[in-house]
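Heads up: the structure comes next, in structure tokens.
Derivation of every value follows stated rules applied to the coordinates shown; laboratory data play no part. Predicted model, so just to flag it, every value in this text is computed and none were measured. Ideal geometry is used to build each Cβ from the backbone, glycine not excepted, and the neighbour counts take in all protein chains shown.
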Amino acid sequence: MAISELVRAAGSGPQGQSLAIAVVGLYLAGLLALALLVRRRWPEQREWSRKLVHIGTGPVVLLAWALQIERGIALPAAAAVTLLTALNHRFRLLPAVEDVGRPSYGTVAYGASITLLLALFWPAQPAAVAAGVLVMAFGDGLAGLLGPLVRSPSWSLLGQRKSLVGTGAMAIASAAVLGLLWIRQGPAGAVSGLAEWAAAGPPQAAAAILLITALAVGLEQLSAYGLDNLSVPLVVGLLWSLLRP
């Protein structure tokens, strides 16, 4: 039996929610343990463990969606994690998560963006939350990993190095995530305006996905101090809510 089925079998009350929280907690604990292992195994690659946490955090939203975690639990939990990341940023308690050797508030901004998306859309539009978080998790995460590893033409914006490979990875991953979510959500409940246009057919859906992807890639270019971790998820989530209600 799948984990989501076990949680549903436990019911939507305290027992089911407690089981759902335990599942998410175990996932996050495993992710943190893996990040610490990567940090110990490759201490010279300080970005790897951080990007592992960055990418691995994204699927938590899918877990919360599948397990139907309630707003009264998801929102305070996200706010608490954001507070913990802010403390970690200040005191460097877990270097595997924060220590990158450059001024960045990315982890704090990432937590804040997830908290704001939950406040805006959970649980009425879980796909909007998933779109914003997963585009940042996979798109920006893969860009940060592949950009430095693969040599390609590069440029600098606001003191941040960007590369063709990293930007391409961001674009491809973002479009893939959005396309899969678009299919997963099923028929759109179009109401008016942009929503009706996006629901008109595959060409319009593709155009909507490309529009969101282009804006996400553009905002990721403006990543001074890691603030794209706030701007990208929020803009993607808001656009998704307009185009795919």
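Observations, loosely collected:
- Derived from the Cα gyration tensor, the three semi-axes of the equivalent ellipsoid of segment 14-168 are 28, 18, 14 Å, largest first.
- Efficiency of FRET between A207 and E44 - r from beta-carbon atoms, R0 51 angstrom, step 0.05: 0.70
- Nonlocal amide H pairs with K162, under 5 Å, H built at 1.01 Å: W155, S156, L157
- Spacing of the modelled spin labels on R90 and A214, each 7 Å from Cα toward Cβ, amounts to 4.3 nm.
- Sequentially through segment 40-53, phi angles give Karplus couplings (6.51, -1.76, 1.60; θ = phi - 60°) of 6, 6, 10, x, 6, 9, 5, 7, 5, 5, 5, 5, 4, 5 Hz, Gly and Pro residues having no value and appearing as x.
- Pairwise Cα inverse-distance average, inverted: Kirkwood Rh of segment 104-177 (Å): 13.3
- Qualifying trypsin sites (Lys or Arg not before Pro) in segment 16-61, where qualification requires a DSSP coil assignment and no more than 12 other C-beta atoms within 10 Å, are lacking entirely.
- Spin-label proximity, R161 to segment 46-62 - amide N less than 20 Å from point 7 Å beyond Cα toward beta carbon: 46-52
- Cα gyration tensor of segment 33-85 - equivalent ellipsoid semi-axes, whole Å, descending: 27, 12, 7
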